[in-house]
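Before any comments, here is the structure.
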Amino acid sequence: MNPVCVETGNSPIVLAQPHSGTWLPHDVIEALEPAARELFDTDWRIPELYEGLLPDATIVRATFNRYVIDANRPPDDASLYPGQNTTSLVPLTDFDAKPIWRQEPDAAEITRRKSQFHAPYHTALAEQLARVKAQHGFAVLYDCHSIRSHVPYLFEGELPVLNIGTNSGTSCSPAIESAVEQACATSAFTHVLNGRFKGGWTTRHYGRPAENIHAVQMEIAQSAYLAAEEPPFTYSPDKAATLRDTLAAVFAGIESTFGDL
């Protein structure tokens with residue numbers, strides 16, 4: 001299977017989806033603990049949630065699961081959140097701190113996965129950002145994420161529904177950050193700007209406002225659009241409807257800044 005799926009569009013916005021993939025190579029399946037094969041930590045149903053909200057956007061989606069390798073971690077595996085619990089480039093535990101491997105991948109296997117999965121995803125993403133920037137003079141990378149609303153290993157209590165990450169304001173223009181937060185603040189959902197999730201490697205690596213590439217991460221609590229945060233992680237169109245309206249407002253807010261970029 002191709003490790004990355006690309007749908008090209010003519011909008012200045014590129015939607016990155018690094019964690020929605022569920023494909024596992026056979027050797028990875030065999031090495032995983034049986035419970036880990038449920039893929040609890042997947043950004044479930046992200047493609048469905050965003051489908052049709054921005055018809056002319058480019059979409060870059062990893063088809064492989066984050067247990068194969070995490071496309072939103074730096075290739076050198078430096079921690080994105082020093083001093084806080086997190087998972088690594090090739091995670092050894094799940095979000096509940098439980099081991100996921102019957103046989104942990106060694107250094108050679110991790111190197112192979114970087115070459116076979118991580119690098120092609122980021123090559124495709126970089127190419128699309130360059131294409132969009134050449135067409136419009138700027139590009140906006142919107143990194144689509146979701147997570148269970150309660151994950152004690154990673155954060156206390158219940159996560160706000162909308163978690164905006166701009167790497168503390170450095171990954172995008174102030175106008176874009178303000179537009180996204182305003183759309184969230186006027187919605188029916190709780191939100192936070194640069195809270196527990198400030199943006200992963202994608203946001204931090206590509207977000208270069210001085211070079212006319214702006215990046216925002218949106219981490220969404222799955223309780224807002226799934227029937228339940230447990231297998232089979234069924235998408236709920238009824239629950240998602242209001243959230244999709246809010247996300248459409250987020251995109252409209254971003255688009256309102258284009259004249260100033």
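The values are calculated or read from the model by the stated rules, or taken from the named source; none is laboratory data. Remember, it's a predicted structure, so these values are computed and weren't measured experimentally. Ideal geometry is used to build each Cβ from the backbone, glycine not excepted, and the neighbour counts take in all protein chains shown.
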Please go through the range 70-126 and pick out each residue that is aliphatic (A, V, I, L, M) and either out of contact with any Phe, Trp or Tyr (no Cβ under 8 Å at 6 or more places or on another chain) or without any contact (Cβ under 8 Å) to a residue 60 or more places away in the chain (or both).
78, 89, 90, 92, 97, 107, 108, 110, 119, 124
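Which is without any contact (Cβ under 8 Å) to a residue 12 or more places away in the chain and more than 21 Å from residue 42 (Cβ to Cβ), of 181, 211? Please lay out each step first, then the result.
Values: 181 fails: without any contact (Cβ under 8 Å) to a residue 12 or more places away in the chain.
It is 211.
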Filter the range 72-89 down to residues that are out of contact with any Ser or Thr (no Cβ under 7 Å at 6 or more places or on another chain) and either of a type in the set (A, V, I, L, M) or outside any loop (DSSP other than H, G, I, E, B) (or both) and give me whichever is nearest to residue 198 (Cα to Cα).
78
Selection from the range 191-212 of residues assigned to a helix (DSSP H, G or I) and either loosely packed, with under 15 Cβ neighbours inside 10 Å or β-branched (Val, Ile, Thr) (or both) yields 202, 203, 210, 211
Select from the range 231-261 the residues that are out of contact with any helix residue (DSSP H, G or I) (no Cβ under 9 Å at 6 or more places or on another chain) and of a type in the set (Asp, Glu) and write down the one among them that is nearest to residue 176 (Cα to Cα).
245
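Please verify whether residue 173 is touching a His at 6+ places or on another chain (Cβ under 6 Å) and either more than 30 Å from residue 232 (Cβ to Cβ) or basic (Lys, Arg) (or both), treating the condition exactly as stated.
Working: touching a His at 6+ places or on another chain (Cβ under 6 Å): yes; either more than 30 Å from residue 232 (Cβ to Cβ) or basic (Lys, Arg) (or both): yes.
Judged against the criteria, residue 173 is a match.
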Can you tell me which residue among 192, 151, 140 is of a type outside the set (S, T, N, Q) and touching a residue at least 60 places away in the same chain (Cβ under 8 Å)?
140
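Pick from 188, 134: which is out of contact with any strand residue (DSSP E or B) (no Cβ under 9 Å at 6 or more places or on another chain), closer than 25 Å to residue 257 by Cα and assigned to a loop (DSSP other than H, G, I, E, B)?
Numbers: 134 fails: assigned to a loop (DSSP other than H, G, I, E, B).
Residue meeting the stated conditions: 188.
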Could you give every pair whose Cβ atoms fall below 9 Å, whose first residue belongs to the range 241-261 and is outside any helix (DSSP H, G or I), and whose second residue is among the aromatic types (Phe, Trp, Tyr) and at pLDDT 95 or above, counting only separations of at least 6 or pairs across chains?
261/138
Number of the exception - residue 81 against (1) more than 22 Å from residue 233 (Cα to Cα); (2) of a type in the set (Ser, Thr, Tyr); (3) buried (at least 17 other Cβ atoms within 10 Å of the Cβ):
(3)
Find the residue count for the range 169-188, including only residues that are crowded, with 22+ Cβ neighbours inside 10 Å and of a type in the set (Ser, Thr, Tyr).
1
Restricting to the range 148-174, name every residue that is in contact with a Ser or Thr (Cβ under 9 Å, 6 or more places away or on another chain) and hydrophobic (A, V, I, L, M, F, W, C).
154, 159, 161, 162, 172
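Across the range 90-110, which residue is nearest to residue 2 (Cα to Cα) among those that are assigned to a loop (DSSP other than H, G, I, E, B) and among the β-branched types (Val, Ile, Thr)?
Among those residues, the one meeting the criterion is 90.
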Name the residues in the range 41-69 that are surrounded by 18 or more Cβ atoms within 10 Å (Cβ to Cβ), touching a Phe, Trp or Tyr at 6+ places or on another chain (Cβ under 7 Å) and of a type outside the set (D, E, K, R), would you?
44, 49, 54, 62, 64, 65, 68, 69
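Restricting the search to the range 109-137, which residues are surrounded by fewer than 19 Cβ atoms within 10 Å (Cβ to Cβ) and within 25 Å of residue 210 (Cβ to Cβ)? If you could, list the steps in order and put the result at the bottom.
Start the filter on the range 109-137 by keeping residues that are surrounded by fewer than 19 Cβ atoms within 10 Å (Cβ to Cβ), which leaves 109-112, 114-116, 119-120, 123, 126-127, 130-131, 133-137.
Listed by number, the residues that qualify are 123, 126, 127, 130, 131, 133, 134, 135, 136, 137.
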